[in-house]
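Derivation of every value follows stated rules applied to the coordinates shown; laboratory data play no part. Computed from a prediction, not measured in an experiment: that's the story for all the values here. Counting neighbours? That spans all protein chains shown, and the Cβs are built from the backbone with ideal geometry, glycine included.
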Ligand code: GRG
């Protein structure tokens, strides 16, 4: 897995590497073993999840959890759950009936490596496993809080969150969207799960309501910045660097921040969103340093 650019502090690099390694170990343990029946399905689930991806959502959950003094073992569970939901969305998004892509995280997509039916089931299996983990492990002292966390992820992943955003996306191909329409699509499609990652990490610990609202504000803006940068990278980075097919948005005539604003203005917008996100963390001082560093990672990344 690639590390952050040299521009990041050694302390952040070290933190990120420790958490990437930890995620790989925990995900490997939480996923069904490859020799458990049905073996081909479990092998495909492990193929989809392990050994790739930037793990931005888990990093956000860990950073928010640290801010809220949460038990790391609890945050670990929500970090896995959001990564499993995210990976399921990638596997389904790559299917021929959706984005029809052959490369993901630097390797053949699940339906190419296995087959379409298996890829569909991989997504279904990962989705169920995410909720199984949230129900199975203790996440909060108050059981009502735990139920609230399960519902939070369900809403973020569902038709009023990520899946709804995907529906809007599919309906908008070839159409000219306004900036507010594009923003609304991404608030749902990618923003909802990014927000859930921050919220779930924080809810594993203790924070005043006003502080939770501050984190939510941070998460909303960093989710949007993530998408603007994703659009910029799709336009200017190579397939080899991204580990997924570059330049697809323009070829598919998809509305993006770059198609609407141009590259320079899109880059400027990502910076502005990063600043809005970081401003929301001001009252936390140094306790929010990891979240700030992840905000920089999201905006400055090259992959
Ligand atoms: C439910 C089918 C379905 C889709 C939901 C999130 C989503 C909608 C589809 C994913 C497709 C996609 C390319 C979205 C654009 C932004 C995005 C989520 C990019 C991939 O996320 P990264 O960069 O990926 O965090 P890694 O591989 O690093 O985890």
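Summary table
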quantity: The range 1-141 - Debye-derived log10 I(q)/I(0), Cα point model, q = 0.11, 0.12, 0.15 Å⁻¹; calculated: -0.42, -0.50, -0.76
quantity: Extension reserve of the residue 40-residue 21 stretch, reckoned as 0.36 nm per residue once the Cα distance is removed; calculated: 4.3 nm
quantity: Binned Cα-Cα distance frequencies in the range 200-303 - 5 Å width, integer %; calculated: 2, 13, 21, 20, 15, 11, 9, 6, 2, 0
quantity: Pair residue 251, residue 176: separation of 7 Å Cα→Cβ label points (nm); calculated: 2.5 nm
quantity: Where only alpha carbons of the range 91-169 are counted, the Rg and the Dmax (Å); calculated: 15.4, 44
quantity: Chain lengthening between residue 184 and residue 137 when straightened (0.36 nm per residue, less Cα-Cα); calculated: 13.6 nm
quantity: Ranked 98, 185, criterion: other C-beta atoms within 10 Å, fewest first; calculated: 98, 185
quantity: Alpha-carbon centroid distance for the pair the range 18-85 / the range 142-212, whole angstrom; calculated: 19 Å
quantity: Kirkwood hydrodynamic radius of the range 255-303, Cα pairs, Å; calculated: 11.8 Å
quantity: The range 165-303, relative contact order [Cα under 8 Å, separation at least 6], %; calculated: 29 percent
quantity: The chain, relative contact order [Cα under 8 Å, separation at least 6], %; calculated: 21 percent
quantity: Calculated FRET efficiency for the pair residue 206/residue 279, C-beta based, R₀ 30 Å, to 0.05; calculated: 0.80
quantity: Taking the range 41-167 and dividing mean pair separation by its residue count, relative contact order in percent (alpha carbons under 8 Å, at least six apart); calculated: 27 percent
quantity: Relative exposure of 80, 204, 97, judged by other C-beta atoms within 10 Å (fewest first); calculated: 97, 80, 204
quantity: Spacing of the two label points (7 Å from each Cα toward its C-beta) at residue 7 and residue 286, in nm; calculated: 2.5 nm
quantity: Estimated distance in nm for a label pair at residue 113 and residue 154, the labels positioned 7 Å out from Cα along Cα-to-Cβ; calculated: 3.1 nm
quantity: Kirkwood Rh in Å, taken over all unlike Cα pairs in the range 10-300; calculated: 19.3 Å
quantity: Cα gyration tensor shape of the range 127-212, rounded if a/c is under 1.5, else prolate or oblate by comparing a/b with b/c; calculated: oblate
